[in-house]
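Single-structure report; data block below.
A short reminder: the numbers here are calculations on the coordinates, not readings from a lab. Here the structure is a predicted model, which is why all the values come from computation and not from measurement. So basically every Cβ, Gly included, is an ideal-geometry build from the backbone, and we count neighbours across all protein chains shown.
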Amino acid sequence: MIDLHCHSYYSDGLLSPEALLQLALDADIKCLALTDHDTCDGLERLHVAAKGKPITIINGIELSVQWKKHDIHILGLDINPENLNLVIEQQKTQRIDRAKSIGLLLKACGVDNAYEKACEVAGHNRVGRPHFAAVLLQEGVVSDIQMAFKRYLGRGKPAYVSSNWINLTEAVQAIVNAGGVAVIAHPLKYKLTRTKLHELLKAFKMDGGAGIEVVSSETMPSDAQTLAGLCSRFELLASTGSDYHGTGLSRVPLGRQMQLPSQCTPIWHTWKGVRGHGVDFCNTSG
Ligand code: MN
Ligand code: MN
Ligand code: MN
């Protein structure tokens, strides 16, 4: 089993890297990439914990990226984290500025100190909308997370702040320069029209992008087939990950996303550490 997309509490996940590792070992995951939002801070602890354990750790990150008017998530896999420091610093500043703005808008909605509370929820100051949603829930302003986005945090809502992330080209280049491969995370989640999605894939490929996430947490078999088709059309490799954030936040447990369609070429087919691991990760049948 392989899971190339999950989060620790260094971004918006609930678990420590050690707890995540234990979960992965219990689930018999052979290869795990930690892909926290715009940070690599959890990687070192994960590597330390995984030492001597029957699992391969892949260095990962999930970068928030601007493409035209859309917020797109790009996974960087098998990266050298030090080479991403500049981009990470840039994203961190942007994230904190944005979070403070969201805090001010929520104050105007009658929720005091939302930024500080979100930082408390997160345990760090690089907070994002899920943390604010948790605060709104905690304060009894909304009765569930979805409502927090629908009423306050979603695009066009009173506490929505548009972001100023690095652009697609910058992100892909940074990942490639850091020795990694760039993957478009959950391509169907952005609600792009077919034409726009094709345009994105073309631009991504031209920038040096390597793959798309064919299977993510809630991917339906028909969607996986669609994405597998796009892989062959745009000559992209296929990635897979649960996008696990923690119990209660994720519909699919770590490593339990559906299998990649058999016609896909997995993104890891050239990874030495993974291929040489003695496990047939490419076995994608049923
Ligand atoms: Mn997240
Ligand atoms: Mn994402
Ligand atoms: Mn994610």
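Pairs of C-alpha atoms in the range 38-80 farther apart than 13 Å represent 60 percent of all such pairs.
Taking trypsin sites (Lys or Arg not before Pro) across the range 1-65, the ones in a DSSP loop with at most 11 further Cβ atoms lying within 10 angstrom of their Cβ are LYS51. Under conditions of 20 °C and 1.002 mPa s, the chain yields 112 µm² s⁻¹ as its translational diffusion coefficient, taking Rh as the Kirkwood radius over Cα pairs in the Stokes-Einstein equation. Lysine pair count for the range 1-94 (Cα-Cα distance under 26 Å; residues 8 or more apart in sequence or on different chains): 4. Taking the dipole about the Cα centre of the chain, with the C-beta of Lys and Arg at +1 and of Asp and Glu at -1, give me whichever of PRO253, SER64, TRP268 is farthest to the positive side. So the residue furthest toward the plus end is SER64. Just want the answer: with Cβ charges of +1 for Lys and Arg and -1 for Asp and Glu, which residue in ASN85, TRP165, THR39 is farthest toward the dipole's positive end in the chain? Projecting each Cα onto the dipole axis, the largest value belongs to TRP165. Taking a 29 Å limit on the Cα-Cα distance, which of the listed pairs LYS157/LYS196; LYS117/LYS196; LYS100/LYS189 fall beyond it? Too far apart for the 29 Å limit: LYS117/LYS196.
Sort the range 1-114 into rounded, prolate or oblate with this rule: let a ≥ b ≥ c be the square roots of the eigenvalues of the Cα gyration tensor; rounded if a/c is under 1.5, and if a/c is not under 1.5, prolate when a/b is larger than b/c, oblate otherwise.
prolate
The charge dipole of the chain, taken about its Cα centre with unit charges on the Cβ of Lys, Arg, Asp and Glu (plus for the first two, minus for the last two), comes to roughly 780 debye. Multiplying the residue separation of HIS47 and GLU199 by 0.36 nm and subtracting their alpha-carbon distance yields 51.0 nm. Measure out, as a whole number of angstrom, how far apart the alpha-carbon centroids of the range 131-200 and the range 31-110 sit. Centre-to-centre (Cα) distance: 13 Å.
Normalised by the empirical 2.2 N^0.38 Å for globular proteins, what value does the Cα Rg of the range 131-195 take?
1.52
ASP144: net charge of surrounding residues, Cβ under 15 Å, Lys/Arg +1, Asp/Glu -1, itself excluded? My count for the surroundings of ASP144 gives +3. Sorted ascending by nearby beta carbons within 10 Å, beginning with the fewest, ILE102, ILE88 become ILE88, ILE102. The charge dipole of the range 206-269, taken about its Cα centre with unit charges on the Cβ of Lys, Arg, Asp and Glu (plus for the first two, minus for the last two), comes to roughly 180 debye. Under 1.5 on a/c is rounded, so check that first for the range 145-242, then, if it is not, pick prolate when a/b is larger than b/c and oblate when it is not; a ≥ b ≥ c are the square roots of the alpha carbon gyration tensor eigenvalues. Oblate, because a/c is 1.5 or more while a/b does not exceed b/c. Scanning the chain for GluC sites (Glu not before Pro) lying in DSSP loops with no more than 16 further Cβ atoms inside 10 Å, the longest uninterrupted stretch between such sites is 1-138.
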